[in-house]
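Presented below is the structure to which this report refers.
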Amino acid sequence: MQICNVHLFDGEQRHSGLFDIHIEGDRIKSVIPHASVGTTDAPDVIDGAGGWLLPGLIDLHVHLSWNGGADPATDISNASEEENLLETVSNALNYLPHGITSVRDLGTPHDAALHVGKAIARGKLPGPRIFSSGMSLIMTGGHDPFHGLPVDGPWEALKGVRRQVAQGAQVIKISATGGVYGRTEGEGVDDTELRKEELEMIMDEAHRRHVPVTAHAIGEMGIRACLAAGIDCIEHGHFIQPDMAQQMATQGIALVPTFYIYQHLAASPTIPAYARQKAVAVTEQHRRALGYARQAGVLIGAGSDAGSPDTPHPALLEEILALEDGGLSRIEALCAATGNAGRILGCGGRLGTVRPGAFADLILLNADPCQNLHALRDIRLVIAAGRPHQC
């Protein structure tokens, strides 16, 4: 297959001129300047007609079992395991038509996203590549207990990592602090929920098994504890300070700020009042933290937290737009959902990029997203693993 006569944003930069992309199987074979004659009328050639080709988008923080209603935590708690699995499947089916070819799921009850991801990988369902933690590791009574696996003490932490890796987790998710949403009482955003020896055991065992660890971490002390333990990625990161941002950049620790969701929760009249009040209290600090991270050169990825209250699947475009509003350039916001995201997944050069040898996960737009990010709404074609899908 060939896609000819397209402008190109390759996950890192916008290129001038027109290009032809040759696909062989599920990989990109070559990216060459457009040949103006003799190519676009062949049966296996798609004429891009001067449209804009990008890597397939990547959402680094979703919850496929969450329904995006007013109070998904309550809905999950009241649902059976089978209903949660069906919800996960239903939500996963929404991603490819919106140009999102990979997602990282960071918490589903009963490891539902792990099972759905395996089914998609085996060709049983159409959907994005799913990189999943399955259940997250939490303290007893910790953040998001409805999809958390309680681990108390280093030996339970060790067993928790081993359990999730054995289940097929491609990332270990921990709750290092309390949160804005999930429990009506008993947690604050500045609560530190895992002890030093638990964090160190999780990091040591996960890295021994070549699996990265990412942390739900909002409060300052909880984030500092994660940085000291050698975490790979911080989710949310509201109370990152300038010295912490510099430490993250130096140590190669990424940030997925999920910037949109907290602004959205702070403004939503339909979600539980406790969550709205907590969101209002942290949004300005969140904006400052994003600025510190950008200034320090932290690797920033896009994650929508889709499935959260009043946030149906998918919500990645809202996150990309919010990142621009938060101070990133359009190119930086696009990189956060393409090239940067691929690197955070450990798939740099293979996902989130348009280059020879990369997976042929691509989207074709009618307009230039580098000039207006709303162009991401106008998708002409989605290709996942070298196969076209209907938009």
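Bear in mind these aren't lab numbers, they're just calculated from the coordinates by the rules spelled out. Please read these numbers as outputs of a predicted model, since none were measured by experiment. Cβ coordinates were reconstructed from backbone atoms using ideal geometry, including for glycine residues, and neighbour counts include every protein chain displayed.
Looking only at Ala228, Ala176, Ala166, which one moves most when the chain is put into a Gaussian network model with springs between Cα atoms under 10 Å?
Judging by the Gaussian network model, the answer is Ala166.
How far is it, in nm, from the label point at Asn372 to the one at Arg387 when both lie 7 Å from their Cα along the line to the Cβ?
3.4
5 Å is the cut-off here: which amide hydrogens, built 1.01 Å from N in the peptide plane, fall below it relative to Arg129, excluding neighbours closer than 5 in sequence?
Counting only residues 5 or more places away or on other chains, the set is Ser102, Val103.
Pick out the long, greasy-scoring helices in the chain: whole DSSP H runs spanning 15 Å or more along their own axis by Cα, mean Kyte-Doolittle at least -1.0. Let's see the in-between values first.
Values: long enough: 81-92 (17 Å, -0.74); 154-167 (20 Å, -0.75); 196-208 (18 Å, -1.17); 273-296 (35 Å, -0.75).
The qualifying helices are 81-92, 154-167, 273-296.
Run the quick spin-label model on Arg122 and Arg162: label points 7 Å from Cα toward the beta carbon, then report their separation in nm to one decimal.
Spacing of the two 7 Å Cα→Cβ label points: 2.6 nm.
Using all Cα-Cα distances in region 57-344, what percent lands in each 10 angstrom bin from 0 up to the longest?
7, 32, 40, 19, 1
Return the sequence-ordered ³J(HN,Hα) values of region 234-240 in whole Hz as given by the Karplus equation 6.51 cos²θ - 1.76 cosθ + 1.60 applied to θ = phi - 60°, using x for Gly and Pro.
Whole-Hz 3J(HN,Hα) from phi for region 234-240: 10, 9, 5, x, 4, 9, 4.
If each Cα of region 291-391 is one equal point scatterer, what is log10 of I(q)/I(0) from the Debye formula at q = 0.13, 0.15 Å⁻¹?
Normalising to I(0) and taking log10 leaves -0.50, -0.67.
Hey, rough spin-label estimate for Gln13 and Ser30, points 7 angstrom out along Cα→Cβ, what's it come to in nanometres?
2.2
Could you list the residues of region 164-187 with an amide nitrogen less than 17 Å from a label point located 7 Å from the Cα of Arg195 in the Cα-to-C-beta direction?
Those under the cut-off are 175-177.
Would you mind pulling out the separation of the Cα centroids of region 216-257 and region 61-120, in Å?
27
What range in the chain is the longest one free of trypsin sites (Lys or Arg not before Pro) that are in a loop by DSSP and have at most 12 other Cβ atoms within 10 angstrom?
Values: sites that count: Arg122, Lys124.
That would be 125-391.
Work out the FRET efficiency for Val45 and Glu332 from their Cβ-Cβ distance, taking R0 = 22 Å, and round it to the nearest 0.05. Working shown, then result.
Values: r = 33 Å, r/R0 = 1.51.
That gives a FRET efficiency of 0.10.
Taking the mean number of other Cβ atoms within 10 Å as a proxy for protection, how do you rank 60-66, 1-7 from highest to lowest? Display every interim value, and only then the final one.
On the way: 60-66: 30.0, 1-7: 21.4.
Ranked by mean Cβ neighbours within 10 Å, highest first: 60-66, 1-7.
Which stretch or stretches of region 259-285 have amide N atoms under 17 Å from the point lying 7 Å from Ala70's Cα along the Cα→Cβ direction?
265-277
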